[in-house]
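Novice: The following block contains the structure, expressed as structure tokens.
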Amino acid sequence: MELRHLRYLATVVDERSVSRAADRLGMTQPPLSSAIQQVEKEVGTPLLVRHARGVEPTEAGRYLAGEIRQILRHLDDAVARTAEVGEGRVGRISIAAEPIASWGWLPAVARAFTAGSPDVALDVAAYPPEGVTDSVRAERVTVGMLYTIESAVLAKTAAAGLQTAVSRREPLVLALPADHRLASSPVVDLHDLAEDRWVIPRPTPAVPGIAELLTRAWSEAGTAPGAAGTTATPAEALALVTGAGCVAALPASVRSVATSGVRLAMPHRPLGDLEAVVVWRDETPTAALREYLSSALRAPEPDQLGSHLARPASNEAELAAQFEDPPPTFRG
């Protein structure tokens, strides 16, 4: 049974006339009558009663016409929805994000993305840095968001075989308890914190981050803290600054979540910057993912970054252009 024949039947029932239905459908009466007869033959019962003034549907014809209308509505909706999916206007993106991405980076990207794609759902799950790349590779998520000190190294190690791009960069700032002796100082030297208790996010060799930047900064400054403990995440380090009087170095986006119990200061000598990296599989992205990556590559960098570390505008435009139609094929 052909779909067009069902559409013909519904039109005839609506018009109560084969001739008017033929005019509406832009066809002649003989093939229309033949199509209706074919439908009646296939269902095995009369669907129309013919009379001098036109036709009337039988009870079976009335029932089938009602079902056909629903099918056609669903089909029209499906066609429209398919076009929207193809254009990236509807769908779902699953994201594996390092927890500190929620301090500023992830909200900025999500805000930019949903402004243009409000009907695409975002499912976000928190993972440790190495879990982000593992989840993308295992196809548990669509895209990953994590921080590292050198994306070029990440692309050859934890993210080997995946696609990566730097979304933004963030310098490290110093987080001090509100009652710290240097809490009112806008700039603090590492030497002045050598006797403080430090708390450092635990090193992750596969994805070097804050711990490695601090080790390098202390070495260059010729100093080291007298006491330093580790935590699983930067968020836990921030909690210990407030609750245990520790000192920490954290990404600049901590400004958006720091409480009144924390004072932030710039280091006298820069401690280095973290690169916020998006990771996805080495395949042609869907339209929705292209839009998300485009939003990520246009995400504003923190005000604390400074022009000397800002992502070059030409590079940003070049990268973002990769995710505009027509869809490219990416290679590592």
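The values are calculated or read from the model by the stated rules, or taken from the named source; none is laboratory data. This one's a predicted model, so the numbers in the text were calculated from it and none came from an experiment. Neighbour counts are summed over all protein chains in view; Cβ atoms, including those assigned to glycine, are modelled from backbone coordinates with ideal geometry.
Novice: For the range 94-114: of the residues being of a type outside the set (S, T, Y) and over 13 Å from R168 (Cβ atoms), which is surrounded by the fewest Cβ atoms within 10 Å (Cβ to Cβ)?
Specialist: Applying the first criterion (of a type outside the set (S, T, Y)) to the range 94-114 yields 95-101, 103-113.
If we keep only those that are over 13 Å from R168 (Cβ atoms) as well, we get 95-99, 110-111, 113.
Details: I95: 24, A96: 26, A97: 22, E98: 27, P99: 16, A110: 19, R111: 11, F113: 23.
Selected residue: R111.
Novice: For T157, only one of the following conditions fails: (1) crowded, with 18+ Cβ neighbours inside 10 Å; (2) out of contact with any Gly (no Cβ under 7 Å at 6 or more places or on another chain). What is its number?
Specialist: (1)
Novice: Is one or more of the residues making up the range 217-235 among the acidic types (D, E), under 18 Å from L274 (Cα atoms) and in contact (Cβ under 8 Å) with a residue 60 or more places away in the chain? Lay out the reasoning, then the answer.
Specialist: Our first condition is that a residue be among the acidic types (D, E); within the range 217-235, this holds for 220.
If we keep only those that are under 18 Å from L274 (Cα atoms) as well, we get 220.
From what's left, in contact (Cβ under 8 Å) with a residue 60 or more places away in the chain: none.
No; the residues of the range 217-235 include none that is among the acidic types (D, E), under 18 Å from L274 (Cα atoms) and in contact (Cβ under 8 Å) with a residue 60 or more places away in the chain.
Novice: Of all the residues that make up the range 30-74, how many are within 11 Å of V18 (Cβ to Cβ), in contact with a helix residue (DSSP H, G or I) (Cβ under 8 Å, 6 or more places away or on another chain) and part of a helix (DSSP H, G or I)?
Specialist: The total comes to 4.
Novice: So which strands (runs of 3 or more DSSP E) stay within the range 147-236 end to end and still have 2 or more residues that are in the same structural domain as W280 (by TED's automatic domain parsing), small (G, A, S) and under 27 Å from the mean Cα position of the chain (by Cα)? Before you say what the answer is, go through the steps one by one.
Specialist: Working: elements: 162-177, 197-201, 227-231.
Output list reads 162-177.
Novice: List pairs: first residue in the range 252-275 and without any contact (Cβ under 8 Å) to a residue 24 or more places away in the chain, second residue in a loop (DSSP other than H, G, I, E, B) anywhere in the structure, Cβ distance under 7 angstrom, at least six positions apart or on different chains.
Specialist: Hits for this filter: zero, empty list.
Novice: Being of a type in the set (S, T, N, Q), touching a helix residue (DSSP H, G or I) at 6+ places or on another chain (Cβ under 9 Å) and within 18 Å of V241 (Cβ to Cβ) is the filter here, so list the residues in the range 151-210 that pass it.
Specialist: S185
Novice: Is there any pair linking a residue in the range 161-185 that is on the phi > 0 side of the Ramachandran plot to one that is of a type outside the set (F, W, Y), with Cβ under 9 Å and at least six apart or on different chains, and which?
Specialist: G161/R137; G161/R281; G161/D282; G161/G332
Novice: Is it true that some residue in the range 263-286 is among the hydrophobic types (A, V, I, L, M, F, W, C), within 16 Å of P177 (Cβ to Cβ), at pLDDT 80 or above and part of a strand (DSSP E or B)? Walk me through how you get there before you give the answer.
Specialist: Of the range 263-286, the ones among the hydrophobic types (A, V, I, L, M, F, W, C) are 264-266, 271, 274, 276-280.
With the extra rule that they be within 16 Å of P177 (Cβ to Cβ), the set shrinks to 264-265.
In the following step, the residues that additionally are at pLDDT 80 or above were identified as 264-265.
Narrowing further to those that are part of a strand (DSSP E or B): 264-265.
Yes, the range 263-286 contains a residue that is among the hydrophobic types (A, V, I, L, M, F, W, C), within 16 Å of P177 (Cβ to Cβ), at pLDDT 80 or above and part of a strand (DSSP E or B).
Novice: Answer with yes or no whether R53 is over 49 Å from the mean Cα position of the chain (by Cα) and more than 15 Å from M1 (Cβ to Cβ). Let's see the steps before the verdict.
Specialist: Numbers: over 49 Å from the mean Cα position of the chain (by Cα): yes; more than 15 Å from M1 (Cβ to Cβ): yes.
In short, yes.
Novice: Within the bounds of the range 240-256, is there any residue that is assigned to a loop (DSSP other than H, G, I, E, B) and under 17 Å from L176 (Cα atoms)?
Specialist: Narrowing the range 240-256 to residues assigned to a loop (DSSP other than H, G, I, E, B): 245-246.
Now narrow it down to the ones that are under 17 Å from L176 (Cα atoms): 245-246.
Yes - at least one qualifying residue is present in the range 240-256.
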